[in-house]
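To start, the structure itself, in structure tokens.
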Amino acid sequence: LRELLDEAEKARLELLNANEDAIEQGSSNGNIQISELTEKVDTLNIANSDLQKRVEGLQEERSLLQREIDTLAQKSSEHERQIDSLYEEKQNLTEKIDDLE
């Protein structure tokens, strides 16, 4: 009977050790998965930061281009006014020439 109790105790201890090993192995696997996921999140955060910087750069470039477009539109309006003024002056000179003839 004593031998059976010893064997049962030995089996119980082996089962406890196996259970602890399984828990440690599961915990280790969980930690590995958490570590891998953390690395992926870090990588995605870096990529997101890079994209945000790129967007900011593109927004600045867009702003500069818009200012250039506005400047060119102003110059175009000025040139149109100058053309209109020169056309009027031509008409006036043509009328004066006609009057002189």
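What number of residues in segment 90-101 are modelled with pLDDT of 95 or more, open to solvent by less than 100 Å² (accessible area, probe 1.4 Å) and of a type in the set (D, E, K, R)?
Of the residues in segment 90-101, 0 are modelled with pLDDT of 95 or more, open to solvent by less than 100 Å² (accessible area, probe 1.4 Å) and of a type in the set (D, E, K, R).
Let me confirm something: among 62, 67, 54, 81, which residue is of a type outside the set (Phe, Trp, Tyr), modelled with pLDDT under 95 and either part of a helix (DSSP H, G or I) or on the phi > 0 side of the Ramachandran plot (or both)?
Checking each option against the conditions leaves just 54.
The values are calculated or read from the model by the stated rules, or taken from the named source; none is laboratory data. Predicted model only: the values in this text are computed from it and were never measured. Areas reflect the complete protein model, heavy atoms only, side chains present, ligands, DNA and RNA absent. Shrake-Rupley method; radii C 1.70, N 1.55, O 1.52, S 1.80 Å.
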